[in-house]
Each structure stands twice: as C-alpha cells, then as structure tokens.
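The values are calculated or read from the model by the stated rules, or taken from the named source; none is laboratory data. Keep in mind that this is a model prediction, so the values were computed, not measured. Please note: Cβ atoms are built from the backbone with ideal geometry, for glycine as well, and neighbour counts cover all protein chains shown. Heads up: the accessible areas ignore ligands, DNA and RNA and are worked out on the full protein's heavy atoms, side chains in. Shrake-Rupley method; radii C 1.70, N 1.55, O 1.52, S 1.80 Å.
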Amino acid sequence: QVQLVESGGGLVQAGGSLRLSCAASGRTFSSYAMGWFRQAPGKEREIVARISWGGTSTYYADSVKGRFTISRDNSKNTVYLQMNSLKPEDTAIYYCAANTVSGPYYVVGAYEYWGQGTQVTVSS
C-alpha cells in the first residue's frame with residue numbers, strides 16, 4: 001500500500017509559479033508511475049501530468065504543456081509538479097496518485113492510491 005501527502009499549494013497571482021510536492025510512504029513507490037490530477041469546482045477530476053516509474057517518460061495535458069513540469073526523486077519517495085506561468089483557470093485542488101492499474105493512464109480509474117489534495121488558487 002502507498003500513502004501520499006501533497007504540499008506546496010497556495011495563492012499566487014497570474015503569471016506566478018508554484019512547486020507541488022507529493023511524499024509517498026511504502027517501499028514500492030519506485031515501482032509505480034505517478035500522476036498529478038486536478039479538480040476545479042463543478043468539474044470532473046482531470047489528469048495534468050504523469051511520469052513513468054523511472055522518470056524517463058512523461059505525459060502532459062494540452063492545457064499545461066510547456067508550463068508545467070513533472071519530476072520524481074525515487075531516493076526521496078517524492079514526485080514534484082513545477083507550475084510556471086500560472087493562469088486563473090489553473091485554480092483547482094491538485095492531487096497526486098499512484099498509477100497501479102493497467103489501461104489508459106489518463107483516466108482516474110487507473111490510479112488506486114490518492115493523496116488528500118492541495119489547493120492552488122491563481123488570482124487575476
């Protein structure tokens with residue numbers, strides 16, 4: 001089992017940056033691909049980015065491509081999301097999750113373990 005704890009959210013002005021961290025417990029962290037999702041009020045949870053277990057392969061939603069960077073440090077059991085050039089539409093609760101289920105990795109159902117989420121608010 002994997003327990004995930006996100007941190008680094010907050011309030012930032014448009015154009016600013018934030019770095020989210022997700023600390024994982026459990027010896028199997030390096031075995032899993034990891035994803036960042038977000039959910040805005042009244043909207044479905046959507047994938048933002050995903051990184052393979054070794055960190056060599058990444059995926060980004062079109063809406064964040066070129067602005068966000070996902071990375072991981074398996075020695076620290078941590079995955080990161082660097083968010084630059086933030087926009088008001090990036091406002092959401094951000095969740096990290098472990099990709100443990102076979103199938104399309106851009107769907108919520110492919111992730112068994114989730115953190116509690118961290119709020120990101122971007123003011124205009």
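Answer with yes or no whether LEU86 is over 14 Å from the mean Cα position of the chain (by Cα) and either surrounded by 17 or more Cβ atoms within 10 Å (Cβ to Cβ) or in a strand (DSSP E or B) (or both).
yes
Consider only pairs whose beta carbons are under 6 Å apart and that are at least six residues apart or on different chains; among these, list those whose first residue lies in segment 38-64 and is free of Cβ contacts under 8 Å to residues at least 40 places away in the same chain and whose second residue is in a loop (DSSP other than H, G, I, E, B) and crowded, with 16+ Cβ neighbours inside 10 Å.
That search, which allows pairs on different chains as well, returns TRP53/TYR32.
Return the total of residues in segment 19-37 being buried (at least 21 other Cβ atoms within 10 Å of the Cβ) and either free of Cβ contacts under 8 Å to residues at least 12 places away in the same chain or over 16 Å from VAL2 (Cβ atoms) (or both).
1
List pairs: first in segment 73-93 and under 14 Å from VAL122 (Cα atoms) and touching a residue at least 40 places away in the same chain (Cβ under 8 Å), second of a type outside the set (Lys, Arg) and assigned to a helix (DSSP H, G or I), Cβ under 9 Å, 6+ apart or cross-chain?
The qualifying pairs are MET83/ASP90.
Restricting attention to segment 29-41, does a residue exist that is at pLDDT 95 or above, closer than 20 Å to SER124 by Cα, out of contact with any helix residue (DSSP H, G or I) (no Cβ under 7 Å at 6 or more places or on another chain) and not aliphatic (A, V, I, L, M)?
Yes - at least one qualifying residue is present in segment 29-41.
Yes/no per residue for (1) among the aliphatic types (A, V, I, L, M); (2) in a strand (DSSP E or B):
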| residue | (1), (2) |
| --- | --- |
| GLU44 | no, no |
| ILE47 | yes, yes |
| VAL79 | yes, yes |
| GLN82 | no, yes |
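Name the residues in segment 93-122 that are surrounded by fewer than 18 Cβ atoms within 10 Å (Cβ to Cβ) and in a helix (DSSP H, G or I), would you?
VAL108, GLY109 - these are the residues of segment 93-122 that are surrounded by fewer than 18 Cβ atoms within 10 Å (Cβ to Cβ) and in a helix (DSSP H, G or I).
Quick check on my filter: what residues within segment 42-63 are in contact with a Phe, Trp or Tyr (Cβ under 8 Å, 6 or more places away or on another chain) and either at pLDDT below 95 or open to solvent by 60 Å² or more (accessible area, probe 1.4 Å) (or both)?
ARG45, GLU46, TRP53, TYR59
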